[in-house]
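J.: Sharing a structure here in structure tokens format.
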Amino acid sequence: MRAIQHSVPASKMALRLLGHCLLSSLAAMILYPVLPIGFLIGWFVLVAASLGLMLQADSRLQAKPGQPLSKTEAARHLRGTVAAAIAWSLPTPLAWYYGSGTEVLTVWAVIAAVITGITITLGTAPLGAIIFSLVVMVPAAAVLFLSGWWGAAAAAMFMLVLACYGFIVRADNFLRGNLAEAGMNERSEVVSLLLREFEENEADWLWQIDTSRRIRSASPRFAFALGCSPEEVEGKPFLQLISGDYWQTGQFPSSLHDLAERLKRRENFSALLVKVTIGGKDRWWELSGKPMLDNHGKDVGFRGVGSDVTAQRESSDKIAYLARYDTLTNLPNRLMLNEALGDAMRYARQWRSRCAFLMIDLDRFKQVNDSLGHQIGDKLLEQVAARLKEVCSDNEVCGRLGGDEFAIVLREAKQGEIVRSVAQRVIRRLSEPYLVDNHTLYVGASVGSAVAPRDGKNVEELMRNADLALYRSKDGGGGEHYTYEPSLHAMAEERRQLEFSLRKALERDELLLHFQPVVDANSETLTGFEALVRWNSKDHGFVSPGKFIPLAEETRLIVPIGTWVLEQACMEAAKWSSGLRVNINVSPEQLLEPDFAATVVRALSRSKLEPQRLELEVTESIFLRDADVARGALEQVMALGCRVALDDFGTGYSSLGYIRKLRFSTIKVDRTFVQGAAQGAVESIAIIRAVVAMADSLDMSTTAEGVETSEEAEMIRELGCKKIQGYYFGRPMPADQAMDVVHRANRMRA
Ligand code: C2E
Ligand code: CA
Ligand code: CA
């Protein structure tokens, strides 16, 4: 502030010098006739010295404009001013003392001129100006007073007061004005900095239009966004340039219409997403804008910033699509199915109707995927999706939940019939053979359904219940449709508990083995036993293997259980007479364990059982998953001298081709054929005949399972089976009873 105050005196240095010289010469001329010459020269020296002091201070100020002024520098400047004031206070008293009234008055006039000059050159530094005026004027007024000119004296004092007041006001205004200006400068600097930064940010530009919505002062970047040069767009209607063909039709896209409305209503807007057409291509702009007003508050147009967000917008569209559709099948995914089901449930609640959710799972898909590879699996899924779409009407939304699980949302399912008929249609269509890369594939479908609002209050609950129904369907072997029932919850819970207990069964010693005799079909003499595992659970009582074996396979608990069975059964068999064999069931999961053969070797060496007396039973299902691994494991144990039987023949794929794949020693004909043949079913008889013929030709033995009566035994004998197993010759029994049977057989032979 000090520097600002002293900036004017410094800049007016030359003017001041000139003023002092002229006026001091004038005063000297007036006083020359009356004043002794020595005094006059002395006075001149005084004026010159004071001016020298002042000039010194001023030139320092001039040397560093705009910089702060220290207190000592200001004091030095003040000293110069006081010196000049003392010099100028002298002429009036001198005129009064040596001259007449004329000299006093004329000198006074010069003094008044000096004061006037001071207001111009020193007025902005009020302290100096006031001291100067006081020092000069008070003696002058006193002289006038003493000369008897009361009025002039009063006028002089009045002039002094006015001058001082003027200095203060002027200095104040000057300071304020300067400070305001400094503030303005600073702000405009900040604004221009911001603007520069803004312009450097590639994506954004400024736009401006006038009251008739024509483009004004287009920046090069804005023009570029419009696909033209700045000259081309200047003065063109803004909306026309960005609306392409819509301009002719007048039918703007809604976002453009929105923009036009806001411009018309003169409303502020920010980050407005507008679909524009530039050079025939659709693009997305994000615009912000504000009406512009002139100094009088009159509307002069609009101004704002904008950026092209097409790329972001397109990628977010893509992401939105990916988030809601399955990439492989292009069907709606889980998320979208969730939404569709939510909508359907709301609608059903509102109109007191019903909707349904169908969950579909492919049967045997895993086998296809495992044996033929993921590429074929994927192609199969695409075909499944296409068929599903074909089966669905407008009332239904179908989608993929993931893996080989699909689902259908039935918007309107007032009659229960509809759900059943859609489910049947789906099962029928999906079960037809597929042709993928020259492979004919057979997969089936299982369906579980739940109906809202009856079976679930919200989406999660309904889906969970449909899933339970689906699980029930899979549990029953697949290919069927089950609807949800509350009892399924109990089943699922029981299963969960069963699994929990099964995990502890081995350490709690709850498992034991039973042995079922196998006899020669002709002589009816004992040839061996099949070991069958039993679980007597502390929590659940006796649990049938038909129930817990599948559970153990699913949870891979079958591996430790199977190892235990193998060791126990071999130990037991080693006690029997040397001709008797033991048959042990082996699940596919066990064969996939890398150390399966080692497990067999360990069981044999611990029990000292000859390998020839061990026959492992496997089912056709081993050929469906990682067939090579399973076959490799079996070939290893066959190399040890063990035998391998094909169990449950006829129930699974029933392909005679499997029999050729491995050198089985025995084919076990499933109980269903034995029972069928006993009831006179021609088909069953034909199958048994074919199997026996084929086994004979390949030098394999055959065992008929499930023979319960002497008639059945007779019939089997006639059909040519080599061995028989069934309740007729003995139920599965504990080890000690099996031992009794062995002893009895030995006695009979003896
Ligand atoms: P499977 O290997 O086919 O075993 C024969 C099943 O038929 C046994 O049922 C047996 O009790 C039953 N059976 C035998 N003769 C007759 C008959 O004349 N009439 C009727 N109605 N049934 C008869 P179980 O013991 O309930 O075993 C069921 C299945 O559990 C077995 O079928 C086998 O696949 C599996 N399993 C049993 N023990 C083991 C084991 O230690 N390991 C593995 N992996 N599976 C086992
Ligand atoms: Ca078996
Ligand atoms: Ca069997």
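The values are calculated or read from the model by the stated rules, or taken from the named source; none is laboratory data. What you see is a predicted model, and the numbers here were worked out from it, not measured in a lab. Glycine also receives a Cβ, built like all others from the backbone with ideal geometry; neighbour counts cover every protein chain displayed.
J.: Return the residue satisfying two criteria in turn: it lies in region 726-741 and is in a helix (DSSP H, G or I) and touching a helix residue (DSSP H, G or I) at 6+ places or on another chain (Cβ under 8 Å), and of such residues it is surrounded by the fewest Cβ atoms within 10 Å (Cβ to Cβ).
T.: Only one residue tops the list, namely Met739.
J.: Looking at region 572-601 only, could you name the residues that are among the aliphatic types (A, V, I, L, M), away from ligand 2 (no atom under 16 Å from the Cβ), assigned to a helix (DSSP H, G or I) and under 17 Å from Phe515 (Cβ atoms)?
T.: The answer is Ala574, and nothing else.
J.: Residue by residue through region 115-139, note down the ones that are hydrophobic (A, V, I, L, M, F, W, C), crowded, with 22+ Cβ neighbours inside 10 Å and in a helix (DSSP H, G or I).
T.: The answer is Ile118, Ala129, Phe132, Val136, Met137.
J.: Are any of the residues in region 187-209 at pLDDT 90 or above and out of contact with any Cys (no Cβ under 6 Å at 6 or more places or on another chain)?
T.: Yes.
J.: Please specify each residue of region 432-465 satisfying the condition of being crowded, with 17+ Cβ neighbours inside 10 Å and farther than 24 Å from Met491 by Cβ.
T.: Tyr434, Val436, Leu441, Val443
J.: Next question. All but one of (1) more than 12 Å from Ala125 (Cβ to Cβ); (2) in contact (Cβ under 8 Å) with a residue 12 or more places away in the chain hold for Ala74, so report the exception by its number.
T.: Failing condition for Ala74: (1).
J.: Related question: Does region 665-679 contain at least one residue that is of a type outside the set (Asp, Glu), within 14 Å of ligand 1 (Cβ to nearest atom) and under 22 Å from Pro560 (Cα atoms)?
T.: Checked against the condition, which is being of a type outside the set (Asp, Glu), within 14 Å of ligand 1 (Cβ to nearest atom) and under 22 Å from Pro560 (Cα atoms), region 665-679 yields no hits at all.
J.: Of everything in region 533-571, what is within 16 Å of ligand 2 (Cβ to nearest atom), in a strand (DSSP E or B) and surrounded by fewer than 19 Cβ atoms within 10 Å (Cβ to Cβ)? Give them in sequence order.
T.: Arg534
J.: Could you check region 518-543 and list, in sequence order, the residues that are closer than 30 Å to Lys722 by Cβ and either among the charged types (D, E, K, R) or within 13 Å of ligand 1 (Cβ to nearest atom) (or both)?
T.: Val518, Val519, Asp520, Glu524, Phe529, Glu530, Ala531, Leu532, Val533, Arg534
J.: Within region 539-562, is there a residue that is within 16 Å of ligand 3 (Cβ to nearest atom), in contact with a strand residue (DSSP E or B) (Cβ under 7 Å, 6 or more places away or on another chain) and under 16 Å from Glu499 (Cβ atoms)?
T.: Scanning region 539-562 turns up at least one residue that is within 16 Å of ligand 3 (Cβ to nearest atom), in contact with a strand residue (DSSP E or B) (Cβ under 7 Å, 6 or more places away or on another chain) and under 16 Å from Glu499 (Cβ atoms).
J.: Among the candidates Gly632, Gly657, single out the residue that is more than 16 Å from ligand 2 (Cβ to nearest atom) and either modelled with pLDDT of 90 or more or surrounded by 15 or more Cβ atoms within 10 Å (Cβ to Cβ) (or both).
T.: Answer to the check: Gly632.
J.: Being more than 18 Å from the chain's Cα centre (by Cα), within 30 Å of Ser621 (Cα to Cα) and in contact (Cβ under 8 Å) with a residue 60 or more places away in the chain, is that true of even one residue in region 335-350?
T.: No, there is no match, as no residue in region 335-350 is more than 18 Å from the chain's Cα centre (by Cα), within 30 Å of Ser621 (Cα to Cα) and in contact (Cβ under 8 Å) with a residue 60 or more places away in the chain.
J.: Surrounded by fewer than 23 Cβ atoms within 10 Å (Cβ to Cβ) and either under 36 Å from the mean Cα position of the chain (by Cα) or under 21 Å from Met336 (Cβ atoms) (or both): which single residue out of Arg420, Arg428, Arg411 fits that description?
T.: Arg411
Every residue, every condition in (1) assigned to a strand (DSSP E or B); (2) among the hydroxyl-bearing types (Ser, Thr, Tyr); (3) modelled with pLDDT of 90 or more; (4) out of contact with any Ser or Thr (no Cβ under 9 Å at 6 or more places or on another chain), yes or no:
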site: Ala311; (1), (2), (3), (4): no, no, no, yes
site: Leu328; (1), (2), (3), (4): no, no, yes, yes
site: Ala344; (1), (2), (3), (4): no, no, yes, yes
site: Arg349; (1), (2), (3), (4): no, no, yes, yes
site: Ser353; (1), (2), (3), (4): no, yes, yes, yes
site: Met359; (1), (2), (3), (4): yes, no, yes, no
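J.: For Arg495, state whether it is surrounded by 13 or more Cβ atoms within 10 Å (Cβ to Cβ), in contact with a Phe, Trp or Tyr (Cβ under 7 Å, 6 or more places away or on another chain) and either within 18 Å of Arg364 (Cα to Cα) or modelled with pLDDT under 95 (or both).
T.: no
J.: Looking at Ala574, Ala627, Ala603, Ala645, can you tell me which residue is touching a Ser or Thr at 6+ places or on another chain (Cβ under 9 Å), within 16 Å of ligand 3 (Cβ to nearest atom) and aliphatic (A, V, I, L, M)?
T.: Only one candidate qualifies: Ala645.
J.: Looking only at region 711-725, decide whether some residue is at negative phi, out of contact with any Ser or Thr (no Cβ under 6 Å at 6 or more places or on another chain), modelled with pLDDT of 95 or more and part of a loop (DSSP other than H, G, I, E, B).
T.: no
J.: Just to be sure, is Val637 within 16 Å of ligand 3 (Cβ to nearest atom) and in contact (Cβ under 8 Å) with a residue 12 or more places away in the chain?
T.: Answer is no for this residue.
J.: Consider Asp696 carefully, then state whether it is away from ligand 1 (no atom under 11 Å from the Cβ), within 30 Å of Leu592 (Cβ to Cβ), of a type in the set (Asp, Glu) and exposed (fewer than 14 other Cβ atoms within 10 Å of the Cβ).
T.: no
J.: Inside region 578-608, can you point out the residues that are at pLDDT 95 or above, of a type in the set (S, T, N, Q), over 23 Å from Asp628 (Cβ atoms) and more than 11 Å from ligand 1 (Cβ to nearest atom)?
T.: Scanning region 578-608 gives Ser605, Ser607.
J.: Are any residues in region 263-276 charged (D, E, K, R) and over 13 Å from Thr211 (Cα atoms), and if so, which ones?
T.: Hits for region 263-276 are Glu267, Lys275.
J.: So the check is Cβ under 7 Å with 6+ separation or different chains; which pairs have a first residue in region 526-538 that's more than 15 Å from Val565 (Cα to Cα) and a second one that's within 12 Å of ligand 2 (Cβ to nearest atom) and modelled with pLDDT of 95 or more?
T.: Note: pairs meeting the criteria are Thr527/Val518; Gly528/Val518; Gly528/Val582; Gly528/Asn583.
J.: Tell me, yes or no, whether region 534-550 has at least one residue that is within 30 Å of Ile360 (Cα to Cα) and in contact with a Gly (Cβ under 9 Å, 6 or more places away or on another chain).
T.: Looking through region 534-550, none of the residues is within 30 Å of Ile360 (Cα to Cα) and in contact with a Gly (Cβ under 9 Å, 6 or more places away or on another chain).
J.: Exactly one of these conditions fails for Leu127: (1) closer than 23 Å to Leu22 by Cα; (2) at pLDDT below 90. Give me its number.
T.: (1)
J.: Can you go through Met733, Met739 and tell me which one is away from ligand 2 (no atom under 16 Å from the Cβ) and at pLDDT 95 or above?
T.: Every option except Met739 fails the conditions.
J.: Only residues that are in contact with a helix residue (DSSP H, G or I) (Cβ under 8 Å, 6 or more places away or on another chain), in a helix (DSSP H, G or I) and of a type in the set (A, V, I, L, M): list them for region 20-38, please.
T.: Leu23, Leu26, Ala27, Ala28, Ile30, Leu31
J.: Out of the residues in region 603-620 that are within 16 Å of ligand 2 (Cβ to nearest atom) and free of Cβ contacts under 8 Å to residues at least 60 places away in the same chain, state the one that is surrounded by the most Cβ atoms within 10 Å (Cβ to Cβ).
T.: Leu614
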